[in-house]
Amino acid sequence: MAVFRAVVEAGEDVGVAAVTEAVGLPRPTVHRLLDLLAKEDMVEYVPETRRWRPTAECQRLGALLAARRDLVRLARPVLAEVVRRSQEACLLGVYLPNRREMIYAAEHSSPNPLSYRIELNAPVPVNWGASGRSILAFLTDEEIDAVLAERAPAPGTGEKPPAAQVLRRELELVREQGYAFSRGQKIPGSRGIAAPILGADGIAVGSLTLTIPEMRFREDAKEQLAEMVMSGARELSSTLGHRVTG
């Protein structure tokens, strides 16, 4: 990590001598560690200059981290407003493309005494729950195919996923109505209402989700709650550069 940090923080392509001086390790050791980092596609050697630099993959990961941090910061006031209007807990989901999973990156708790404790930053499938399916419905066809092929079981119950054609029909409905609804798929005894957060290209980067205890959920309030979630998700999507129409 010290060698990796030295290359990244150099601000320009850097030679082995400079890295050796920065980390205080023997030159052969620095060479070996640079080679290991290169195998992981984190740094690369430039033969023309005989120097090292971060790779495009390293920069991509840095951009993902920055985007996630920015999204959490941007989402906090939106989460608070959705909770104020709905009086239910609201979660920010973030999609992890490399894992084809999602995490809950932020939460604003419900003012009601009965609520759920959500584990943040723990990867969960996107083929289950309103939070996941609202993301899955707005991914590319290739990405949807890959997720459905993995057939991850339900986190809350261990239930096997439905047939691909059944889930595809549900995803079509999510796209039509703009939100997803679920019953206890990730959290037993809960109801979930979620809307996608879209990037500038119209592909989902995350979701906003209301998580409601079954005993407090009213079917006749579902559309009103969905509109609250969709309004918050549209606001975040617009901030990320998505052009909202209609």
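The values are calculated or read from the model by the stated rules, or taken from the named source; none is laboratory data. All values reported here derive from a predicted model rather than from experimental measurement. When we count neighbours, we look across all protein chains shown, and the Cβ atoms used for this are built from the backbone with ideal geometry, even at glycine. SASA here: full protein model, heavy atoms, side chains in, ligands and nucleic acids out. Shrake-Rupley method; radii C 1.70, N 1.55, O 1.52, S 1.80 Å.
Going through (1) in contact (Cβ under 8 Å) with a residue 60 or more places away in the chain; (2) out of contact with any Ser or Thr (no Cβ under 8 Å at 6 or more places or on another chain); (3) of a type outside the set (Lys, Arg); (4) assigned to a loop (DSSP other than H, G, I, E, B) one by one, residue 119 falls short only on (1).
Yes or no, residue by residue, for (1) open to solvent by 20 Å² or more (accessible area, probe 1.4 Å); (2) not in a loop (DSSP other than H, G, I, E, B):
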position: 162; (1), (2): yes, no
position: 175; (1), (2): yes, yes
position: 186; (1), (2): yes, no
position: 201; (1), (2): yes, no
position: 205; (1), (2): yes, yes
position: 210; (1), (2): no, yes
position: 215; (1), (2): yes, yes
position: 220; (1), (2): yes, yes
position: 230; (1), (2): yes, yes
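Quick test of your reading of the structure: residue 105 fulfils all but one of (1) among the aliphatic types (A, V, I, L, M); (2) within 18 Å of the chain's Cα centre (by Cα); (3) assigned to a helix (DSSP H, G or I). Name the failing condition by number. Against the list (1) among the aliphatic types (A, V, I, L, M); (2) within 18 Å of the chain's Cα centre (by Cα); (3) assigned to a helix (DSSP H, G or I), residue 105 comes up short only on (3).
Listed by first and then second residue, the pairs with beta-carbon distance under 8 Å, at least 6 apart or on different chains, first residue in region 74-95 and free of Cβ contacts under 8 Å to residues at least 60 places away in the same chain, second open to solvent by 10 Å² or more (accessible area, probe 1.4 Å) and among the hydroxyl-bearing types (Ser, Thr, Tyr), are 83/109; 83/110; 87/110.
Within region 75-92, does at least one residue satisfy the condition of being surrounded by 16 or more Cβ atoms within 10 Å (Cβ to Cβ), closer than 30 Å to residue 146 by Cβ and β-branched (Val, Ile, Thr)? For region 75-92, residues surrounded by 16 or more Cβ atoms within 10 Å (Cβ to Cβ), closer than 30 Å to residue 146 by Cβ and β-branched (Val, Ile, Thr): present. Scanning region 70-111 for residues that are basic (Lys, Arg), touching a helix residue (DSSP H, G or I) at 6+ places or on another chain (Cβ under 9 Å) and farther than 21 Å from residue 191 by Cβ yields one hit, 100. Of everything listed in (1) open to solvent by 20 Å² or more (accessible area, probe 1.4 Å); (2) touching a Gly at 6+ places or on another chain (Cβ under 8 Å); (3) under 22 Å from residue 229 (Cβ atoms), the single unmet condition for residue 157 is (3). Considering the conditions (1) within 30 Å of residue 232 (Cα to Cα); (2) open to solvent by 90 Å² or more (accessible area, probe 1.4 Å); (3) among the acidic types (Asp, Glu), residue 40 is excluded by exactly one of them, (1). Of the residues making up region 129-138, at least one is at negative phi, open to solvent by 20 Å² or more (accessible area, probe 1.4 Å) and in contact with a strand residue (DSSP E or B) (Cβ under 6 Å, 6 or more places away or on another chain).
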